[in-house]
Every structure is written in structure tokens, then in C-alpha cells.
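J.: Right, I'll just put the structure down here and ask away after.
The values are calculated or read from the model by the stated rules, or taken from the named source; none is laboratory data. Just so it is clear, the model here is predicted, and its values are computed rather than measured. Cβ atoms come from the backbone with ideal geometry, glycine included; neighbour counts cover every protein chain shown. Areas reflect the complete protein model, heavy atoms only, side chains present, ligands, DNA and RNA absent. Shrake-Rupley method; radii C 1.70, N 1.55, O 1.52, S 1.80 Å.
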Amino acid sequence: VQLQASGGGLVQAGGSLRLSCAASGGTFSGHTVAWFRQVPGKERDFVAASIRWNSNPFTADSVKGRFTISRDNAKNTVYLQMNSLKPEDTAVYYCAAGTPIVGMASKTGGYRYWGQGTEVTVSS
């Protein structure tokens, strides 16, 4: 499965962006899909995931109430709606897909497939 992330860009604090992640060569159906983010020199951090068996979303505390993950299995696309953006949300955002076991959905090691990343910059 190849993943292609898009939708990043430059936005002012308080603004919104919607990231997309499209799959090819396979489907998201049956996979947990997630977004992570990374700033230079730091580890890749979990942002949000949509669990494969119930599509229930869960998000990191740092973005809860501001970011929403959703998936459209028919379009093979996952979205991350980001509202009320803050400068500390600046990062490269990566989408991922896999079949993580319980407890691993927020860990990078739980995912087999990764997109190339899309950069988000939030100015103050």
C-alpha cells in the first residue's frame, strides 16, 4: 500500500487546515489509520487514529477538541481536520496505516505503511 499525504501549508494561528492521505495499491479497509507529526530533532509523535474494527477515532491530548480524524473507505482516503491551529502544531505530518495490536495504535511501531509527509507551518 502506498500512501500520499497532502494539504499542508502555511497558516496563521487560529486558522484551519485539512490534510488528506490517499491510498493506492491497496485499501484502508481493515487497517487502522493514523496521523503522526515530527519536528526536526525530535521523535515522531502520535496525533490521531481511526481504529480498524470500529472506525472510532482517538486523538492525542495535545490536539483533543481541535483536530479530528475521519476516513472514507470508499475513496481510500483519510483526513485530518485541524482547527484552532497553534504555532506549536508546526511539524511535518505523516499518515500511516497498519494493524497495530491493542496498545500500539499510538506508537510508530504499530504501523507498516507510511506516507511521505506534508509540512504544516503555523505562524504566530
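J.: Could you tell me what percent of the accessible area of the chain is made up of carbon and sulfur, with a 1.4 Å probe and every protein chain present?
T.: Values: 2980 of 6270 Å².
It is 47 percent, rounded to a whole number.
J.: Continuing with this model, one more query. Report the antiparallel proportion of the DSSP beta bridges in the chain as a percent, rounded to a multiple of 5.
T.: 90
J.: Have a look at S20, T32, V47 and report the one farthest towards the positive end of the charge dipole of the stretch 3-124, computed about the Cα centre with Cβ charges (Lys/Arg +1, Asp/Glu -1).
T.: T32
J.: Another question, if that's okay. May I ask you to order 39-46, 11-18 by the average number of other C-beta atoms within 10 Å around their residues, highest value first?
T.: Ranking the peptides 39-46, 11-18 by packing returns 11-18, 39-46.
J.: Quick one: compute the contact order of the stretch 1-44, relative version, from alpha carbon pairs under 8 angstrom and 6+ residues apart, as a percent.
T.: It comes to 36 percent, rounded to a whole number.
J.: Over the chain, calculate the relative contact order: mean separation of alpha carbon pairs under 8 Å at least 6 apart, over the residue count, as a percent. Working shown, then result.
T.: Working: 319 pairs, mean separation 43.5, N = 124.
Over the chain, the number comes to 35 percent.
J.: Express the accessible area of the stretch 32-124 per residue in Å², computed with a 1.4 Å probe while the remaining protein chains stay in the model.
T.: I get 51 Å² per residue for this part.
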